[in-house]
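*Asks:* Quick one: this structure, given as structure tokens, is what I'll be asking you about.
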Amino acid sequence: KPQLVASNDRFCRFLEEYCPVVTETYYPTIWCWEGRVQTLLRPFITSRPQVQYRNELIKTADGGQISLDWFDNNDSLYYPDASTRPTVLLLPGLTGTSKESYILHMIHQSETLGYRCVVFNNRGIAGEDLLTPRTYCAANTEDLEAVIHHVHSLHPSAPFMAAGVSMGGMLLLNYLGKTGRDTPLMAAAIFSAGWNVFESVESLEKPLNWLLFNYYLTTCLQSSISRHRQMLEKLFDMDLVMKARTVREFDKQFTSVMFGYRTIDDYYEDASPCRKLKSVGIPVLCLNSVDDVFSPGHAIPVETAKQNANVALVLTSCGGHIGFLEGIWPRKCTYMDRVFKQFVQAIFEHGNKIFSM
């Protein structure tokens, strides 16, 4: 059974009644239960539901642009009125976009419930041009704030919540820690977030983890900025950035410099959501596996979570990073998908039962 960590009895009872998956035994796929195997295989094993997006580019205060992919669900039987159709904002991981299989599955789950989704693609990675020499990072919430304000202004009467995966979850937590209750979001779901960036990069720099994940992730980061090289060369030594062989080296040469941090340690301190968890002011459900090499179990802020009545952690012993595969042949629905579906439905349809916390 997962470990459910929540100091608020009302929140606990709410989850047990309306999101019972968090109290059920999770049986990982028997032939790939180990965390690293789950992490590696999930993108290849899981299906990719067909989703038709409507793209929207919005301008930012600094002259940049953000690409949003909308799934309007205009055929919704449960919510035919678009003005009040519940809306889920989805935040992919570090180099992820609206095309990731885990995002497509979240949209598929939302579609069956009648909800609308919008995917927040970080700057410069979804095919759009960079208009300014700036990308994104886990600590800077300005773009996310602009997106949340924009989506809410389009549908002010629609119930609104968000779900973030991996770095998307870190960004969402950092935003919630900054805004407290001052947000149009009703609640949030967080999956496989890295809670302490220092611990995450240290774990990823162990020899086997570097070989399996770190080097590949670094090349993905480099690839995501290489097509914008002409724009970014105005501010960065791109040859040096392209020589990075770890995420830490990339962040030292590029990310921390871009966002004005004096040192990489200053950036990692600011990017770690564990520092902001006490300030979260809306209900948040966070799913992590303790065998996730991207977010090691010992770095999950269990004691801090117990100090905030708005926070619930669901911790599984297996599942890896955005893995949570279950069943003999886990093509379709993962444990993470089921947590997402039940929690989103619980909030939109019964959320008033916990908002008096």
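*Asks:* So for region 47-54 (the condition being touching a Lys or Arg at 6+ places or on another chain (Cβ under 7 Å) and either crowded, with 22+ Cβ neighbours inside 10 Å or not assigned by the TED database to the domain that holds residue 321 (or both)), does at least one residue qualify?
*Replies:* no
*Asks:* Kindly provide the set of residues from region 14-31 that are in contact with a Lys or Arg (Cβ under 8 Å, 6 or more places away or on another chain) and either of a type in the set (Val, Ile, Thr) or free of Cβ contacts under 8 Å to residues at least 60 places away in the same chain (or both), ordered by number.
*Replies:* Selection gives 21, 23, 24, 25.
*Asks:* Working only within region 223-239, note down all residues that are of a type outside the set (Phe, Trp, Tyr) and surrounded by 16 or more Cβ atoms within 10 Å (Cβ to Cβ).
*Replies:* Of everything in region 223-239, those that are of a type outside the set (Phe, Trp, Tyr) and surrounded by 16 or more Cβ atoms within 10 Å (Cβ to Cβ) turn out to be 224, 225, 228, 231, 232, 238.
*Asks:* A further question follows. Exactly one condition in (1) under 17 Å from residue 163 (Cα atoms); (2) in contact with a Gly (Cβ under 8 Å, 6 or more places away or on another chain) is false for residue 320; which is it?
*Replies:* Checking residue 320 against (1) under 17 Å from residue 163 (Cα atoms); (2) in contact with a Gly (Cβ under 8 Å, 6 or more places away or on another chain), the one that fails is (1).
*Asks:* Only one residue in 187, 146 is open to solvent by less than 10 Å² (accessible area, probe 1.4 Å) and either farther than 22 Å from residue 71 by Cβ or touching a strand residue (DSSP E or B) at 6+ places or on another chain (Cβ under 8 Å) (or both), so which one is that?
*Replies:* Within the list 187, 146, the selection yields 187.
*Asks:* So how many residues does region 1-42 have that are in a helix (DSSP H, G or I) and of a type outside the set (A, V, I, L, M, F, W, C)?
*Replies:* Number of matching residues: 13.
*Asks:* Exactly one of these conditions fails for residue 61: (1) open to solvent by 20 Å² or more (accessible area, probe 1.4 Å); (2) of a type in the set (A, V, I, L, M); (3) within 30 Å of residue 208 (Cα to Cα). Give me its number.
*Replies:* Result: residue 61 fails condition (3) only.
*Asks:* Could you please find all residues in region 94-125 being part of a loop (DSSP other than H, G, I, E, B) and either surrounded by fewer than 21 Cβ atoms within 10 Å (Cβ to Cβ) or charged (D, E, K, R) (or both)?
*Replies:* Taking region 94-125 as the starting set, the residues that turn out to be part of a loop (DSSP other than H, G, I, E, B) are 94-100, 114-115, 122-125.
If the condition is that a residue be part of a loop (DSSP other than H, G, I, E, B) and either surrounded by fewer than 21 Cβ atoms within 10 Å (Cβ to Cβ) or charged (D, E, K, R) (or both), then 95, 97, 99, 100, 114, 123 are the ones that fit.
*Asks:* While we're looking at this one, here's another question. In region 65-93, what residues are surrounded by fewer than 22 Cβ atoms within 10 Å (Cβ to Cβ), assigned to a loop (DSSP other than H, G, I, E, B) and touching a residue at least 12 places away in the same chain (Cβ under 8 Å)?
*Replies:* Listed by number, the residues that qualify are 72, 76, 77, 78, 79, 85.
*Asks:* Evaluate the following for residue 40: is it open to solvent by 50 Å² or more (accessible area, probe 1.4 Å) and in contact with a helix residue (DSSP H, G or I) (Cβ under 7 Å, 6 or more places away or on another chain)?
*Replies:* Working: open to solvent by 50 Å² or more (accessible area, probe 1.4 Å): yes; in contact with a helix residue (DSSP H, G or I) (Cβ under 7 Å, 6 or more places away or on another chain): yes.
Here the answer is yes, as residue 40 does meet what is asked.
The values are calculated or read from the model by the stated rules, or taken from the named source; none is laboratory data. Bear in mind that the values here come from a model prediction, so they are computed numbers and not experimental data. When we count neighbours, we look across all protein chains shown, and the Cβ atoms used for this are built from the backbone with ideal geometry, even at glycine. Accessible surface is based on the protein model in full, side chains and every heavy atom, while ligands, DNA and RNA are left aside. Shrake-Rupley method; radii C 1.70, N 1.55, O 1.52, S 1.80 Å.
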